[in-house]
Amino acid sequence: MTRRVRQKCSHGKDKDKTNISLETLDSGCLNSATTCGVDWTTLPDDTVIQLFSYLNYRDRASLSSTCRTFRLLGSSLCLWDSLDLRPHNFDTAAAVSLSSRCKNLQRLKFHAAGSADAIVSLQARALREISGDFCRDITDAALSVIAARHEMLESVHLGPEPCERISSDAIKALAYCCPRLRSLWLSGVREVCGDAINALAKHCRQLKDVGFVESENIDEVALGNMNSVKLLSVAGTRNLKWGSAVQVWSRLPHLVGLDVSRTDVNQSAITRLLSSSQNLKVLVALNCPVFEGELDSNTMHNQKGGILLTFLGDIFKGVASLFADNSKNVRDVFQYWRRLKNRDKNLDETVVWIEWVFSHSLLRIAENNLKEFDDFWLTQGAAVLLSLLESPQEEVRERAATAVATFVVIDDENATVDCQRAEAILRGDGIRLLLNLARSCQEGLQSEAAKAIANLSIDSKVAKAVAESGGINILANLAKSMNRLVAEEAAGGLWNLSVGDEHKGAIAKAGGIKALVDLIFKWPSNTDGLLERATGALANLGADEKCSMDVAAAGGVHALVMLARTCKFEGVQEQAARALANLAAHGDSNSNNATIGQEAGALEALVQLTYSLNEGVRQEAAGALWNLSFDDKNREAIAATGGVEALVALAQSSSSASQGLQERAAGALWGLSVSETNSIAIGRQGGIAPLIALAQSDIVDVHETAAGALWNLAFYRGNALRIVQDGGVQPLVHLCSSSISKMARFMAALALVYMFDGRIDGAVPMGHSSQGSSKTLNMDGFGRMALKHVEEFVISFYDPQTFYTAAASLVPTALAQIAEAIRIPEAGHLRCSGAEIDRFVRMLRDPSSILKSCSAFALLQFTMPGGRHAMHHSGLLQNAGAPRVLRAAAAASTAPIQAKIFAKIVLRNLEHHHEVSS
């Protein structure tokens, strides 16, 4: 979510020989640097076979077809004694094509019911072990046929997902057909009857390891007939009669390990099992509420008989008691056992089983994610999971990684993790362990490790550790995997790591952007989880200006537009729209905005997404249209594709929507309203009333954006009238006077100035004509009230002593100090048209002192050095002959002092821009 390999080439006399380092082989994968200049057909046979062993079965078969040498070596029986089919859609046709290679196949992992039906076509009569997951749809018939065709089976493991369609009939078929069965583990079989258990006891005399977990009903008395059983798990099984169970299980002659985790076992049953069982060494009782509620912690360690492993005791210390005295002070007893050189075979079997049952139960407990287990996870649960990540059993490592990925998540919907749990993994060196698993050549481990890294990386401390440990390179490589699950989880990791600014550059440097874009083209539109993660990562990366250009250069614009147009999954649509919004957010600093507009179908797709039933999709589509509307051509093209109607409808329906949607709906209308045609169309389509409603929001971002849209709209007389008629004056006055945002106050003031600069005279009817209202509004009185608030806004920036000092001294530094003191930094992002600048210049000539002061104040903000469009505004003012008007305003004896000072600062700004341009 490919593989890293480094090659060591010798020089000198042996320059024609190629040596592949141990590190290369351990990483299991080849990159382009490795393959450069290598004649693979000259490698030693054993080296080629080892390289083959790191490939999945499809890649192995493909490589075998490249030449005669590889065909011969690729058919070596040792390469086909084990197959992992889980990552692939394995069907009968694929099985038939592989059947000639599978005569020596002994171990098989598969996924889902379709693969179960195809297993028979492999004709692997020597098959010893099968392991299947996601087996919800496997039927009695399918399992019975597998048993009938593979009488050499010694191990059958199906789970941890429930096998809901398997009954006791299939278990009896296994008993009759597979007498060599040594291990049977079934999850979620509804009922295991006595006949099925007795058939196993009668026909499978070597059966040592039995697990009937998560079952509804088990005949516990019949289990007492399985005299060969050494290891038994009934974890998660309900409706057990513990009195009967204890009576018969305690007489099992070879029972060494018993797992009753997640059941309703009580203290009496536990005590009797430990004290009366002949050979019971280990009893695992994790998360047994009845037992734990009855237990006296003072007598916890005084149980007679075998070892009791529970949440309430020290798990590591309990397992350590299986060993000699020199293990008592070992921090990680599992690691201690793995390093022992001389190991007892029977003890090995027990510890292997303990790891197995722990990985199952801890995964189930992590999935339930109950707050009551916080203390367990922080004191020892996380440490146990970390130890299981180094288990010699691949399935245990996988489940442990999945449990790590699961137990840290508090809220999957909002991507929230428990920071204490995540940092417990960090403190325990878990990042190194997970990255080691992600480097492995087993795709199941790659997928689960990448998932864990992705979830942990939501925590900023863990994300930093992942990046510092080389995790970004690993994830970027895994994102190129041909295995969908691996690529998906790697993309999720890059998504989470790209949230902040710290790691975006590293992701781009590692080739992550190209890998993410390629994922969109590589996988079909029905792989929604993978596409959502890839587009989410690209959306985050697109927020960085340099990365946004890399995304575009990698073909990201075309890929994202393709998803916006064709993908039907709302999560993908939302992230694709967000990615396009971020790519378009960099204004004039790159060409992404125009590029997106020129991409066929891009604007039409975004307009259509504003009609989505999903609020997140509507919000991000509106945000993309807002950013794209800063480009003149895009602005008109959006309107031509029905954007005005769509965005007005969106604003009208946003009264109860989220803050983000309200802001973006108003923002998109603001962006479109820069154009005269669009502005008039917005007014006619009914866009003013919802903007007035949004201007009354208590949320600063919402009312600030709505004020910007109303400012643009008020420039045109028809819209100004509609604002008055729809009751917009009072909300604008309120914003101008009371908003905590200087920008909102500024734009509300400009809207009011546009409305009451003399273009609308007399009485104006209130409400729409269709409402039949007879009320009228006296514009003169209303205008005086509104302009009075505008004057108060301007005066709020006025410091009499400073202004009079500056007026008297005419020292440039004094004007500079005033300019910086009254500057509104965000106003530097506003861009005015020539018509708007002309209007402000005319206001400088108006006899109204309020209009003079407000227009001079506005021109000051628009021309401040450092503003994005200051040079543009300076040019427009020069063309409009503004310097002469400004000098007159600055010298006018009747002008208010603030208007004079503002005019002088504008002249100073114009001189500065003239010097810079020349």
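The values are calculated or read from the model by the stated rules, or taken from the named source; none is laboratory data. Note that this is a predicted model, so its numbers are computed, not measured. All Cβ positions, even for glycine, are placed from backbone atoms using ideal geometry, and neighbour counts span all protein chains on display.
Some observations on this one:
- Among the candidates Gly601, Gly536, Gly597, residue that is within 22 Å of the chain's Cα centre (by Cα) and either closer than 25 Å to Leu497 by Cα or not aromatic (Phe, Trp, Tyr) (or both): Gly536
- Looking only at the range 470-499, and only at residues there that are under 15 Å from the mean Cα position of the chain (by Cα) and charged (D, E, K, R), the one that is farthest from Trp523 (Cα to Cα): Glu489
- All told, Arg397 meets the bar of being within 30 Å of Arg58 (Cβ to Cβ), surrounded by 16 or more Cβ atoms within 10 Å (Cβ to Cβ) and more than 20 Å from the chain's Cα centre (by Cα).
- Subset of the range 44-59 [modelled with pLDDT of 80 or more and not polar (S, T, N, Q)]: Pro44, Asp45, Asp46, Val48, Ile49, Leu51, Phe52, Tyr54, Leu55, Asp59
- Selection over the range 93-138 of residues that are of a type in the set (Ser, Thr, Tyr) and either in a strand (DSSP E or B) or closer than 22 Å to His203 by Cα (or both) gives a count of 1.
- Those helices (runs of 4 or more DSSP H) lying entirely in the range 733-824 with at least 2 residues closer than 20 Å to Leu859 by Cα and modelled with pLDDT of 90 or more: 742-755, 779-795
- Restricting Glu443, Glu468, Glu395, Glu448 to those that are farther than 17 Å from Gly493 by Cβ and of a type outside the set (S, T, N, Q) reduces the list to Glu395.
- Subset of the range 246-295 (residues that are in a loop (DSSP other than H, G, I, E, B), of a type in the set (A, V, I, L, M) and either surrounded by fewer than 19 Cβ atoms within 10 Å (Cβ to Cβ) or more than 38 Å from the chain's Cα centre (by Cα) (or both)): Leu252, Leu255, Val256, Val265, Leu280, Leu295
- Scan of the range 71-104 for residues that are under 22 Å from Ala170 (Cβ atoms) and either more than 37 Å from the chain's Cα centre (by Cα) or of a type in the set (A, V, I, L, M) (or both), ordered by number: Leu85, Ala95
- Selection of the range 608-631 for residues being outside any helix (DSSP H, G or I), of a type outside the set (Val, Ile, Thr) and under 18 Å from Val572 (Cβ atoms) yields Tyr611, Ser612, Leu613, Asn614.
- Within the range 568-612, the only residue that satisfies the criterion of being aromatic (Phe, Trp, Tyr) and out of contact with any Lys or Arg (no Cβ under 9 Å at 6 or more places or on another chain) is Phe569.
- Filter result for Gly866 (at pLDDT 90 or above, farther than 24 Å from Leu787 by Cα and not in a helix (DSSP H, G or I)): yes
- Residue in the range 368-380 that is under 24 Å from Gln442 (Cα atoms) and either surrounded by fewer than 21 Cβ atoms within 10 Å (Cβ to Cβ) or not hydrophobic (A, V, I, L, M, F, W, C) (or both) present: no
- Selection within the range 377-410 - of a type in the set (D, E, K, R) and assigned to a loop (DSSP other than H, G, I, E, B): Glu390
- Filter result for Glu413 (acidic (Asp, Glu), assigned to a helix (DSSP H, G or I) and either within 27 Å of Ile453 (Cα to Cα) or in contact with a helix residue (DSSP H, G or I) (Cβ under 7 Å, 6 or more places away or on another chain) (or both)): no
- The set of residues in the range 604-641 being among the aliphatic types (A, V, I, L, M) and over 26 Å from Ser656 (Cα atoms) consists of Ala637, Ala640.
- Residue in the range 322-333 that is surrounded by 17 or more Cβ atoms within 10 Å (Cβ to Cβ), at pLDDT 85 or above and more than 20 Å from Val404 (Cα to Cα) present: yes
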